[in-house]
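*Asks:* Shown below is the structure under consideration.
The values are calculated or read from the model by the stated rules, or taken from the named source; none is laboratory data. Remember, it's a predicted structure, so these values are computed and weren't measured experimentally. Backbone-built Cβ (ideal geometry, glycine too); neighbour counts: all protein chains shown.
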Amino acid sequence: MKLNIEGLLVYFPYDYIYPEQYSYMLELKRTLDAKGHGVLEMPSGTGKTISLLSLIVAYQKAFPLEVTKLIYCSRTVPEIEKVVEELRKLMEFYSKQTGESNNFLALALSSRKNLCIHPEVSALRFGKEVDGKCHSLTASYIRAQRHSTPDVPVCRFYEEFDAVGRQVPLPAGIYNLDDLKDFGRRKGWCPYYLARYSILHANIVVYSYHYLLDPKIADLVSKELAKNSVVVFDEAHNIDNVCIDSMSVNITRRTLDRCHTNVDTLQNTIQKIKETDAAKLKMEYRRLVEGLKEANVARETDVYLANPVLPDEILKEAVPGNIRTAEHFVGFLKRFLEYLKSRLRVQHVVQESAPQFLKDIFDKVCIDRKPLRFCAERLQSLLRTLEIADIADFSAVTLISNFATLVSTYSQGFTIIIEPFEDRTPTIANPVLHFSCMDPSIAIKPVFQRFQSVIITSGTLSPLDIYPRILDFRPVTMASFTMTLARTCLCPLIVGRGNDQVALSSKFETREDFAVIRNYGNLLLEMSAIVPDGIVAFFTSYVYMENIVASWYEQGILENIQRNKLIFIETPDAAETSMALEKYQEACENGRGAILLSVARGKVSEGIDFVHHFGRAVIMFGVPYVYTQSRILKARLEYLRDQFQIRENDFLTFDAMRHAAQCVGRAIRGKTDYGLMIFADKRYARADKRGKLPRWIQEHINDGSLNLTVDEAVQLSKHFLRQMAQPFRQEDQLGLSLLTLEQLESEEMLQKIAKIAHQT
Amino acid sequence: MSSLSEEVLLVVKKVRQRKQDGTLYLMAERIAWGPEGKDRFTVSHLYADIRCQKISPDGKAKIQLQLVLHTGESTTFHFSNESSALKDRDAAKELLQQLLPKFKKKANKELEEKNRMLQEDPVLFQLYKDLVVSQVISADEFWANRLGDINNADPTSSNNKQEVGISGAFLADIRPQTDGCNGLRYNLTADIIESIFRTYPAVKEKYSENVPHNLTEKEFWTRFFQSHYFHRDRINTGTQDIFSECAKQDEKGLKSMVVQGVKNPLVDLLSLEDKTLDEGYGFCKTFPSTSNSNRTVKESSNSAIIKRFNHHSAMVLAAGSRKGETPADHASETSSTDGNSRDSDFFQPPVKKVKLQEVIEYEDLQRENRPKTVALNLKKSDRYAHGPVPLQSQHYTTSQDIINSVNYIRHEMLNYKPNLTQVLSSTTASSAIAALSPGGVLMQAATQQAINQMVPTEVQGELKHLYAAAGELLRHFWSCFPVNTPFLEEKLTGHLEEMLQTAYRKFHIWQTRRMLRKT
């Protein structure tokens, strides 16, 4: 249908529309109009992606000069592919409606592992291996060597692409990962480099967060993306952790050892080159004297996305003299390395700030702050000059140099913690230096600064106001949308007591309590008897799950559950869990029914959907608080308190509740879907916890279901399931939660829709 | 017919039945008992009729063997030979144990088939009740042509039955019970053994390797239950345990399953992440360290339990879903994964495409795209229900006729003069009005009541059954022609006629009942 969103003609590739989709598009349009950032929360399964795409594509078509590009970031590979497929659908609708062929170029970009078509390289299992192998075949000096000695292996796909691939831009169309591969095979071009090259002139780019948020990758891939792009972070409820992850560094003894060998190799190579090709090193020296002018000019003219590892100040200066020659730099690195080794030789936990660390290093080994800041850049330059074949081997020394740059650049937002051993095993020495980022805004700041509109959206972003605070930006719109339902297809229940009135809770004091464990088992057993097909149960941590499973096994609870359903359990091993997941789905599919025991914050809870019969009930055992004894977390909480005035408890609860909401939200994937959401912990009943659940879940928790016993929950569930099992047709939804164009345009409906968006 | 050449497999003397001494004979197809000194059997059961045998517990004074038939009846034999009673009984038991399953399958199949037919087809069931239960014809006769028909018509339907799966909790069903004197008793049934074998092929292998030669069956299972293999927290399976190898094989099986990977790319957690952080970067997650050295025994036993559950569930699922196909399927899968990953790459996209399409589909946002039907708009629904009525010669009235008659009536009315001396009495008048108003005696023709509204439903149902039963009998009747065997002739003249009589009588009873009810 064709919609009129405040004067913008939007093609929507379906015959019907959910009211909240219309409302979502309205808000989105306003955000784009204002050229500002937005935070939008809309329940999963209400067609968020297609609404986003429809509106932004329409906007691009209407104002081609104001929005040139859509950068759509998602989290996982399947998610990326899903987005591209939805886009394909939209574009097909466009060409059907307008009759003209589509002139849009949209493509997905992923790592080499998912795009490589080289027969040997793509056969490698791990992403890192693929990257390294690819690099060894495509690096510029390798190819230069080939000119002199033709038997050096190179990648023919890359050669072909390099020869002709850049002359003609990729023809307009929608390219998913497989389409890119097909295209690459047909033309004999490398799809990965083709995609990386094509994102510069594509209208829509779909890739993962890391390509924008991780400075190491962003610098390579996304640096030159146009300023007037719209950036969308979908499934963004965890975006702060992604930011922090990309800026944090951990250094162990092993890292230092490997770094040591790296430095030795560097030294040897320098020695060799000096004998054969001294001019090369001289050239590098000259370049370094001139400084990073090139990069500086680019950034000032606003061509590049800023790199948080490469702060503005150093671009204006030349590399300091004491690390300019290659030998001096290697000597410098060695000194730094020795210092780090000495720091790891501690007997007790040390925590210090970056300035303290810098002072200490100056006092002890006379390393100044300034050369440290240039470390990362200097190393890159050296590696390029030395024509190191396999970059992957040098990951350790790269890590150290990045650490050096970061620690000397940011006096705030980071903390250094040196732990001599793991908490659980105090007898085994395993010193680790955590350099941990506590301020997610550092990594994401360049994105907010550079691009005109950044949309942060997810099914669970409650409470909305916390994201702008921790990411430090000012949104023009913040809205949470509810789910209009013709029937209440979700049934959140808070089970606070066992049948024997024992309070259920996963809190630390009662963690080992047999009564609680038994009652949890009882809950699962009773549910397994009444819920059809699949049940997914989430525990707060892996260790907790292991203990509970063991004691359920001893008490014979699992055996009784097996009478009703098969049991599958998540393990730390991803391959094993994938197998369990597939078998779980098979068991749901063939009617036997199954239970999946899983962990909040685990891979399953973050990336797998349990649509329809794959998840008729989700049980959340306990409140998934993060492990609070960790020093890194404590430091972060302190930082949040001091910098953003967010109280520790508020943040912890917020974090726990967003994960809980993620877990239970896995089961509902649309309006025709239905599922039970059982929160098995009495603490969920408290207003501070409940209030942090997304609005679309919160509004279905009624006062009667706040502190149920297991039996009561079973009764309510039975009733709910029986109602939901009745046939549900399109007509039942029409006019309520599903609208035709005419219904949408009625005055009454527009008023109703205005109420869906909940502005904060 | 085979009774002449029946092979007697076992003869046991001094067996009492109903307090009578006698001899028990186990023959090729039946078990029989005859009282002492008599030449005929008073008890004779085909093995196929026997559902199961039960024996008295070991400690009991009376040594007995009970046979339970499919019909629910049972016969008990008491072995009374003082010296060798137990031995006799066990010999009989052993032999029966071997014989019964052979016949059981056949009998069961037939019985199940009949049962299934009766359950699936309510009409047939009713017919069965009417004809067989009320003993109009015998069950054999009833089934004689039914079963034949079905078997000839579509033999696939009966063969193509779904494989019975395995209960997920079959191990739970062998919960040990303490026998009161420091021992444990496990209850094993044939079904459970079958389940164990199907789920854990390694155990079956062990069984076939060891059982007749090295161990007795009992010993084998005792060892099984004692071994760590059975107890799920198997960590330290000793090397002397015959099941330690099974554990290893299971491990291997699990590994191979894991290596094979998953077909559905949406659940493949390995390829979920696009770009993992390089080593050394990231918010340090407190992973439970995977090195075995610093894991406590308890922890590793816990994770062993988890592994076992996954394996167990996967095996149960596999055993249930496609028993026959598994080996071939496995082979093909492994070969494709062992080969270059290129061709698996070629196979992958379609699955992926389909799955992706499934996921992005919003069925309720789309208009239903089944072929559009036109709503039936009936002006006269009864015409539709009854079908076209054959054209009858009708006397049409033309419009002129109507006008004429109206004129005539008007004329009559104008000239109407009440004859006041000849009026009806008020009672007669009111009764006449009553008779003429809807529902009255004279108006019945107008409000024609269908027969199905006049007769209560149960009476109707009865009539339907009678009709079906009579039809069945008639079918039997006509199937006797041409009468070319004496058997058919006898059937025709003898009991078929009688049957039809019965049927007719039944109808008569029904008729009178109906009349009774009506008045």
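*Asks:* Counting only residues that are surrounded by fewer than 18 Cβ atoms within 10 Å (Cβ to Cβ) and under 36 Å from the mean Cα position of the chain (by Cα), how many does segment A:707-723 have?
*Replies:* Total satisfying the criteria: 1.
*Asks:* Another question, if that's okay. Of all residues in segment A:519-558 being among the hydroxyl-bearing types (Ser, Thr, Tyr) and farther than 22 Å from A:ALA667 by Cβ, which is farthest from the other protein chains (Cβ to nearest Cβ)?
*Replies:* A:SER551
*Asks:* Next question, about the same structure. Just give me the residues in segment A:140-157 being part of a loop (DSSP other than H, G, I, E, B) and crowded, with 19+ Cβ neighbours inside 10 Å, in sequence order.
*Replies:* A:CYS155
*Asks:* Output the residue which, of all residues in segment A:449-489 that are among the hydroxyl-bearing types (Ser, Thr, Tyr) and under 17 Å from the mean Cα position of the chain (by Cα), is farthest from A:ILE756 (Cα to Cα).
*Replies:* A:TYR467
*Asks:* List every residue pair whose Cβ atoms lie under 6 Å apart, where the two residues are 6 or more positions apart in sequence or sit on different chains, the first residue falls within segment A:744-760 and is more than 20 Å from A:LEU40 (Cα to Cα), and the second residue, located anywhere, is of a type outside the set (Val, Ile, Thr).
*Replies:* Here the result reads A:MET749/A:GLN743, each pair linking segment A:744-760 to a residue that is of a type outside the set (Val, Ile, Thr).
Okay, residues lined up against (1) surrounded by fewer than 16 Cβ atoms within 10 Å (Cβ to Cβ); (2) under 22 Å from A:SER246 (Cβ atoms); (3) within 14 Å of another protein chain (Cβ to nearest Cβ):
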site: A:ALA354; (1), (2), (3): no, yes, no
site: A:ILE361; (1), (2), (3): no, no, no
site: A:CYS366; (1), (2), (3): yes, no, no
site: A:ARG369; (1), (2), (3): no, no, no
site: A:ARG384; (1), (2), (3): yes, no, no
site: A:THR415; (1), (2), (3): no, yes, yes
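Table: residues versus (1) touching a strand residue (DSSP E or B) at 6+ places or on another chain (Cβ under 7 Å); (2) away from chain B (no Cβ under 11 Å); (3) buried (at least 20 other Cβ atoms within 10 Å of the Cβ); (4) free of Cβ contacts under 8 Å to residues at least 60 places away in the same chain.
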position: A:LYS603; (1), (2), (3), (4): no, no, yes, yes
position: A:HIS612; (1), (2), (3), (4): no, no, no, no
position: A:GLN629; (1), (2), (3), (4): no, no, no, no
position: A:ILE632; (1), (2), (3), (4): yes, no, yes, no
position: A:ASN649; (1), (2), (3), (4): no, yes, no, yes
position: A:MET657; (1), (2), (3), (4): no, yes, yes, no
position: A:GLN662; (1), (2), (3), (4): no, yes, yes, no
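*Asks:* Considering only segment A:560-574, I want to know if a residue exists there that is acidic (Asp, Glu), under 24 Å from A:LEU493 (Cβ atoms), facing chain B (nearest Cβ under 10 Å) and surrounded by 24 or more Cβ atoms within 10 Å (Cβ to Cβ).
*Replies:* yes
*Asks:* Okay, next question. Could you look through segment B:56-67, keep only residues that are touching a residue at least 12 places away in the same chain (Cβ under 8 Å) and buried (at least 16 other Cβ atoms within 10 Å of the Cβ), and pick out the one that is nearest to B:ILE31 (Cα to Cα)?
*Replies:* That would be B:LEU67.
*Asks:* Still on this model: With the condition being surrounded by 13 or more Cβ atoms within 10 Å (Cβ to Cβ) and modelled with pLDDT of 75 or more, I'd like the helices (runs of 4 or more DSSP H) fully within segment B:429-519 carrying at least 2 qualifying residues.
*Replies:* Helices (runs of 4 or more DSSP H) meeting the threshold: B:457-479, B:497-518.
*Asks:* Next question, about the same structure. Can you confirm whether A:GLU27 is within 9 Å of another protein chain (Cβ to nearest Cβ) and part of a helix (DSSP H, G or I)?
*Replies:* No: the conditions fail for A:GLU27.
*Asks:* Kindly establish whether A:PRO431 is within 14 Å of chain B (Cβ to nearest Cβ) and surrounded by fewer than 24 Cβ atoms within 10 Å (Cβ to Cβ).
*Replies:* Considered against the rule, which asks whether it is within 14 Å of chain B (Cβ to nearest Cβ) and surrounded by fewer than 24 Cβ atoms within 10 Å (Cβ to Cβ), A:PRO431 comes out as yes.
*Asks:* Then there is this: Taking A:GLU41, is it of a type in the set (D, E, K, R), away from every other protein chain (no Cβ under 12 Å) and touching a helix residue (DSSP H, G or I) at 6+ places or on another chain (Cβ under 6 Å)?
*Replies:* Answer is no for this residue.
*Asks:* Out of all the residues in segment A:471-525, which are among the aromatic types (Phe, Trp, Tyr) and surrounded by fewer than 22 Cβ atoms within 10 Å (Cβ to Cβ)?
*Replies:* Passing the criteria: A:PHE473, A:PHE508, A:PHE514.
*Asks:* Only helices (runs of 4 or more DSSP H) wholly contained in segment A:670-760 count here; list those with 2 or more residues that are within 14 Å of chain B (Cβ to nearest Cβ).
*Replies:* Because the criterion is at least 2 residues that are within 14 Å of chain B (Cβ to nearest Cβ), the helices (runs of 4 or more DSSP H) in segment A:670-760 that meet it are A:730-733, A:741-745.
*Asks:* On the given criteria, is A:PRO446 part of a loop (DSSP other than H, G, I, E, B) and either touching a Pro at 6+ places or on another chain (Cβ under 8 Å) or surrounded by fewer than 20 Cβ atoms within 10 Å (Cβ to Cβ) (or both)?
*Replies:* no
*Asks:* While we're on this one: For A:LYS181, are the conditions met, namely being within 10 Å of chain B (Cβ to nearest Cβ) and either touching a helix residue (DSSP H, G or I) at 6+ places or on another chain (Cβ under 9 Å) or in a helix (DSSP H, G or I) (or both)?
*Replies:* For A:LYS181, the condition - within 10 Å of chain B (Cβ to nearest Cβ) and either touching a helix residue (DSSP H, G or I) at 6+ places or on another chain (Cβ under 9 Å) or in a helix (DSSP H, G or I) (or both) - is met.
*Asks:* Which condition does B:ALA172 not pass, out of (1) over 27 Å from B:LEU67 (Cα atoms); (2) among the aliphatic types (A, V, I, L, M); (3) at pLDDT 75 or above, if it passes all the others?
*Replies:* (3)
*Asks:* Does B:PHE309 satisfy the condition of being more than 8 Å from chain A (Cβ to nearest Cβ) and modelled with pLDDT of 60 or more?
*Replies:* Considered against the rule, which asks whether it is more than 8 Å from chain A (Cβ to nearest Cβ) and modelled with pLDDT of 60 or more, B:PHE309 comes out as no.
*Asks:* Let me ask something else about it. Kindly establish whether A:LEU90 is among the aliphatic types (A, V, I, L, M) and more than 20 Å from A:LYS29 (Cβ to Cβ).
*Replies:* Criteria not met by A:LEU90.
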